[in-house]
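**Student:** Dropping a structure here in structure tokens format, bear with me for questions.
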Amino acid sequence: MNEFPQVATIAGTDSGGGAGVMADLKTMQARHVFGTAVVVAVTAQNTLGVQDFMAMPTKLIDEQFVSLAADLDIRACKTGMLADAEHVHAVVENLKRVDFGPLTVDPVMIAKGGAALLAADAIKTVRDELLPLATVVTPNLPEAERLTGQAITSNQAMVTAGHALQGLGADNVIIKGGHGDNPDLANDFVLLADGTAFWLSAPRIDTVRTHGTGDTLSACITAELAKGRSMAAAIKTAKAYVAGTIQDGIQVGHGHGPLNHWATPSEQVIVHDA
């Protein structure tokens, strides 16, 4: 008993259903693992933006960790929106007390609509306390710039930033290139713990329905790791899955719409050596 792959997302909610805990659980379900959650914050949010949010009392966060650890066999976990330095620290302390398997850190800082989801003073806490626990970290370009203090304006700069993030303690790194200036391809740089590096490329789709891409990517990596797949395989599957959710879009909301979590992985993702 208790053998089915179980995973946890440690993040904030999205009342609009497109990102955060909601996107994570949809992704986990689609990838055939059982998803659970530690809710760190609650947002009032839709496709137009984040209207308000409130962080949970840290005591309740502690109790959620205790509840999961007491009953479930969490094989992998991920973090998302963690609100502020106090809550990042609370999550770090809990992750040190439990064994939830490989940790995927999605260093969520800004929502698609531009709202800040991480207090400025918390970036240092993420860098100094959370990254050293990370099995894999999945920043986009602006997040990688904030974490490393380096401008990233070229492929070579992505490579340099990847090594810098490893130097901060993360075992494996994927820097997402969706914010890059290549008009045809979204290029992600992957640096593995053994020094192996490669690029993942997917065609750009002309759409505003990309809300929750980072959450979905990190949740898919988490699900695949819980099933025992290698880090390289998990990352490649996640890139293909996210590409599929964008290519096979759905019409929801009036702003940055959500992904189609029912979609099958895209076959258009290209893997090439770094």
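**Student:** Within the range 252-274, can you find the residues that are part of a loop (DSSP other than H, G, I, E, B) and either touching a Phe, Trp or Tyr at 6+ places or on another chain (Cβ under 6 Å) or free of Cβ contacts under 8 Å to residues at least 12 places away in the same chain (or both)?
**Tutor:** Pro265, Ala274, listed by residue number.
**Student:** Could I ask something else about it? What is the one condition in (1) among the charged types (D, E, K, R); (2) out of contact with any helix residue (DSSP H, G or I) (no Cβ under 9 Å at 6 or more places or on another chain); (3) not in a loop (DSSP other than H, G, I, E, B) that Asp188 does not satisfy?
**Tutor:** (2)
**Student:** Checking the conditions here, which among Arg146, Arg229 is in contact (Cβ under 8 Å) with a residue 12 or more places away in the chain and of a type in the set (Lys, Arg)?
**Tutor:** Arg146 is the lone residue from the list that is in contact (Cβ under 8 Å) with a residue 12 or more places away in the chain and of a type in the set (Lys, Arg).
**Student:** Check the range 121-130 and report whether any residue there is of a type in the set (S, T, N, Q), modelled with pLDDT of 95 or more and open to solvent by 10 Å² or more (accessible area, probe 1.4 Å).
**Tutor:** Yes: one or more hits.
**Student:** Under the condition of being touching a residue at least 24 places away in the same chain (Cβ under 8 Å), part of a loop (DSSP other than H, G, I, E, B) and within 24 Å of His163 (Cα to Cα), which residue from the range 192-226 is least open to solvent (accessible area, probe 1.4 Å)?
**Tutor:** Among those that are touching a residue at least 24 places away in the same chain (Cβ under 8 Å), part of a loop (DSSP other than H, G, I, E, B) and within 24 Å of His163 (Cα to Cα), it is Leu192.
**Student:** I need a count of the residues in the range 96-117 that are open to solvent by less than 20 Å² (accessible area, probe 1.4 Å) and either in contact with a His (Cβ under 7 Å, 6 or more places away or on another chain) or farther than 23 Å from Leu225 by Cα (or both).
**Tutor:** Counting residues in the range 96-117 that are open to solvent by less than 20 Å² (accessible area, probe 1.4 Å) and either in contact with a His (Cβ under 7 Å, 6 or more places away or on another chain) or farther than 23 Å from Leu225 by Cα (or both) gives 3.
**Student:** Still on this model: Tally the residues that are open to solvent by 60 Å² or more (accessible area, probe 1.4 Å) and closer than 22 Å to Asp248 by Cβ, restricting the search to the range 152-191.
**Tutor:** The total comes to 2.
**Student:** Here is a further query. Within the range 241-271, work out how many residues are of a type in the set (Gly, Ala, Ser) and either open to solvent by 20 Å² or more (accessible area, probe 1.4 Å) or more than 20 Å from the chain's Cα centre (by Cα) (or both).
**Tutor:** Residues meeting the conditions: 3.
**Student:** Scan Ala274, Ala238 and give me the residue that is within 16 Å of Lys176 (Cα to Cα) and open to solvent by 20 Å² or more (accessible area, probe 1.4 Å).
**Tutor:** Answer to the check: Ala274.
**Student:** Could you list, in sequence order, the residues of the range 75-95 that are aliphatic (A, V, I, L, M), open to solvent by 10 Å² or more (accessible area, probe 1.4 Å) and closer than 27 Å to Ser230 by Cα?
**Tutor:** Those that are aliphatic (A, V, I, L, M), open to solvent by 10 Å² or more (accessible area, probe 1.4 Å) and closer than 27 Å to Ser230 by Cα: Met81, Leu95.
**Student:** Output yes when any residue across the range 15-38 is hydroxyl-bearing (Ser, Thr, Tyr), within 16 Å of the chain's Cα centre (by Cα), surrounded by 19 or more Cβ atoms within 10 Å (Cβ to Cβ) and assigned to a strand (DSSP E or B), and no when none is.
**Tutor:** Yes, the conditions are met somewhere in the range 15-38.
**Student:** Something else about it: Just to be sure I understand, how many residues within the range 206-242 are of a type in the set (Ser, Thr, Tyr) and closer than 17 Å to Asn260 by Cβ?
**Tutor:** Residues meeting the conditions: 6.
**Student:** Search the range 201-218 for residues being among the aliphatic types (A, V, I, L, M) and touching a Gly at 6+ places or on another chain (Cβ under 8 Å), and hand back the single one that is modelled with the highest pLDDT.
**Tutor:** Val208
**Student:** Considering only the range 48-64, state which residues are open to solvent by less than 20 Å² (accessible area, probe 1.4 Å) and at pLDDT 95 or above.
**Tutor:** Ile61, the sole residue that qualifies.
Table: residues versus (1) within 22 Å of Thr138 (Cα to Cα); (2) of a type outside the set (A, V, I, L, M).
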site: Asp24; (1), (2): yes, yes
site: Thr36; (1), (2): yes, yes
site: Val40; (1), (2): yes, no
site: Leu60; (1), (2): no, no
site: Arg75; (1), (2): yes, yes
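The values are calculated or read from the model by the stated rules, or taken from the named source; none is laboratory data. What you see is a predicted model, and the numbers here were worked out from it, not measured in a lab. Note that we place each Cβ from the backbone using ideal geometry, even for glycine, and neighbour counts take in every protein chain shown. Calculation scope for accessible area: heavy atoms of the full protein, side chains included, ligands and nucleic acids excluded. Shrake-Rupley method; radii C 1.70, N 1.55, O 1.52, S 1.80 Å.
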